[in-house]
Amino acid sequence: MPSALPLSAALLSLLTASPKAPAPAAVTGPSPQVAERLIGAALTEGHAWARLAELTDGIGSRLSGSEGAEAAVQWAKRSFEADGVKVWLEPVKVPRWVRGEESARVLGSERFRAHPLSILALGGSVSTPAGGLTAEVIEVRSLDEVVALGDKVKGKIVLFNHAMREAMEYGKYAGLRTRGTSVAAKAGAVGVLVRSLATASLRSPHTGAVRYDEGVERIPAAAVSVEDAELLHRLLAGGPVKVELKLGCQTLPDADSFNVVAEVKGREKPQEVVLLGAHLDSWDVGTGAHDDGAGVAMVMEAARLIGKLKPAPRRTVRVVLFANEENGLRGGRAYAEAHAAELANHVAALEMDSGGFRPVGVVLRAGPGGAELVRSWLRPLEALGAGSILQGEAGGADLSPLLPARVPFVGVRVDISRYFDVHHSEADTLDKVDPKDLAQSTAAVAWVGYVLAEVPEVLPRPEAPPTEAPKAPAAP
Ligand SMILES: [Zn+2]
């Protein structure tokens with residue numbers, strides 16, 4: 001728990017300063033006093049950090065169907081109640097995958113001695129045969145390369161290597177992890193190792209979901225540390241390399257879980273909803289501090305602060321802590337289904353799921369004129385360095401089922417440059433989250449949530465996506 005965070009006099013004066021130019025006539029809602037209350041409290045009270053400590057140090061990892069996930073649901077419900085925010089649980093059936101004992105090693109040869117490999121089974125992977133499987137490794141750098149290699153892949157363990165260096169490259173290589181296993185299996189591979197999608201490594205592997213295609217044999221798949229992918233690459237340059245892989249993971253029957261839904265009722269248009277979301281589940285390694293404990297802490301704190309405003313904002317602010325974002329997206333789908341009748345009244349949705357870093361700006365997915373409208377509300381975020389509209393589209397895995405209903409999306413973008421240092425790994429723990437950064441993003445989320453619920457105008461709705469509802473996009 002950090003001590004109260006200092007709010008500089010300069011920042012306070014910026015928050016409360018009246019705009020130099022007259023505000024656009026239509027915008028009458030957000031007042032500097034409310035900005036000071038919401039942003040000032042988020043920056044100085046340290047609640048978001050305290051919440052995150054309870055969730056990560058108190059409960060720990062929260063993979064769908066686990067005891068930790070259930071404990072997190074009950075904790076979130078109690079916390080909203082303690083804050084005086086109305087809360088309820090909405091049922092979601094979630095997949096239940098459990099990691100077993102796992103290991104991998106390079107077998108010794110006349111060229112080198114045996115090496116242990118640092119691995120994590122990919123979420124959803126099948127197990128190896130009880131005694132493990134041993135096969136030669138074949139290294140590739142793309143899905144196309146697997147196809148081009150044809151018969152050479154048969155009976156091998158495919159190593160998906162890549163050159164991810166920066167956070168922005170995650171999307172470029174994530175398909176190797178999600179789709180590579182089925183591509184390799186189609187070509188006759190017996191197992192897969194994927195170089196961890198990471199921007200830093202102390203030999204810690206980073207897991208993530210594997211997606212098996214229908215009708216293709218399910219073969220075991222694991223993430224290997226960056227260092228061990230490099231080792232394999234060097235050894236392969238000298239000739240054949242054999243690896244023994246043992247995975248004891250298994251998929252159990254679906255489990256009962258919940259989306260946690262809380263709301264502050266609107267004073268004038270309670271049927272119109274501004275959704276603030278994050279996902280409560282995490283991977284089973286680390287404690288999901290950045291992914292997505294930080295997002296959970298931000299939106300919970302936004303609800304607490306907005307809930308204290310008198311009068312309440314014009315519209316309803318609804319916080320949804322989604323179940324099962326990481327390995328199924330069942331929470332996002334269940335929400336869209338259960339609330340289908342009111343999605344036309346969802347005037348905006350925002351999901352925080354990129355870590356607890358400092359805010360850098362706002363992104364949108366709205367119809368024409370949306371950016372102009374939002375820009376006029378962002379002045380109080382300038383002191384945080386988040387007062388402008390950035391290139392790129394707002395979104396969120398759990399929000400993707402809302403796309404066909406043309407719900408406008410808004411995002412508070414954070415500085416993700418260090419996110420993939422720890423993402424989906426044992427290193428995603430509370431100490432990696434800077435309390436000041438978390439407080440600043442919380443302030444931005446509280447403010448954006450408030451103005452969306454308060455100003456008379458609503459965002460123009462975007463076009464529906466060209467295809468129908470997307471399946472599961474690569475989860476951030
Ligand atoms: Zn996440």
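The values are calculated or read from the model by the stated rules, or taken from the named source; none is laboratory data. Because the structure is a prediction, the values reported are computed rather than measured. Here the Cβ is made from the backbone with ideal geometry for all residues, glycine too, and neighbour counts use every protein chain on show. These accessible areas exclude ligands, DNA and RNA; they are computed on the full protein's heavy atoms, side chains included. Shrake-Rupley method; radii C 1.70, N 1.55, O 1.52, S 1.80 Å.
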Residues D421, D398: which one is within 16 Å of the ligand (Cβ to nearest atom), open to solvent by less than 10 Å² (accessible area, probe 1.4 Å) and charged (D, E, K, R)? D398
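Got at least one residue in the stretch 446-453 being touching a Gly at 6+ places or on another chain (Cβ under 6 Å) and among the aliphatic types (A, V, I, L, M)?
For the stretch 446-453, residues touching a Gly at 6+ places or on another chain (Cβ under 6 Å) and among the aliphatic types (A, V, I, L, M): absent.
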Would you tally the residues in the stretch 431-476 being at pLDDT 95 or above, open to solvent by less than 30 Å² (accessible area, probe 1.4 Å) and within 16 Å of the ligand (Cβ to nearest atom)? 4
Would you pick out the residues in the stretch 211-229 that are open to solvent by less than 20 Å² (accessible area, probe 1.4 Å) and farther than 18 Å from R179 by Cα? S225, D228, A229
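Every residue, every condition in (1) aromatic (F, W, Y); (2) in contact with a Lys or Arg (Cβ under 8 Å, 6 or more places away or on another chain); (3) in contact (Cβ under 8 Å) with a residue 60 or more places away in the chain, yes or no:
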site: W49; (1), (2), (3): yes, no, yes
site: S64; (1), (2), (3): no, yes, yes
site: F80; (1), (2), (3): yes, yes, yes
site: D83; (1), (2), (3): no, yes, yes
site: L89; (1), (2), (3): no, yes, yes
site: V92; (1), (2), (3): no, yes, yes
(1) in contact with a helix residue (DSSP H, G or I) (Cβ under 9 Å, 6 or more places away or on another chain); (2) free of Cβ contacts under 8 Å to residues at least 24 places away in the same chain: which one isn't true of S125, the others all being true? (2)
Which pairs have Cβ atoms under 6 Å, sit 6 or more apart or on different chains, and link a residue in the stretch 225-243 that is touching a residue at least 40 places away in the same chain (Cβ under 8 Å) to one that is part of a helix (DSSP H, G or I)? V241/L235
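This table checks each residue for (1) among the β-branched types (V, I, T); (2) within 22 Å of the chain's Cα centre (by Cα).
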{"residue": "R234", "(1), (2)": "no, no"}
{"residue": "L252", "(1), (2)": "no, no"}
{"residue": "V261", "(1), (2)": "yes, yes"}
{"residue": "K269", "(1), (2)": "no, no"}
{"residue": "V274", "(1), (2)": "yes, yes"}
{"residue": "H279", "(1), (2)": "no, yes"}
{"residue": "D291", "(1), (2)": "no, yes"}
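I'd like to check which strands (runs of 3 or more DSSP E) are fully inside the stretch 96-210 and have at least 2 residues that are open to solvent by 20 Å² or more (accessible area, probe 1.4 Å) and not basic (K, R).
So the answer is 102-106, 115-117, 133-140.
Name the residue, out of V407, V422, V433, V455, that is within 17 Å of A394 (Cβ to Cβ) and among the β-branched types (V, I, T).
That would be V407, the only listed residue that is within 17 Å of A394 (Cβ to Cβ) and among the β-branched types (V, I, T).
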So, in the stretch 66-78, how many residues would count as being touching a residue at least 60 places away in the same chain (Cβ under 8 Å), within 23 Å of R304 (Cα to Cα) and of a type in the set (G, A, S)? 3
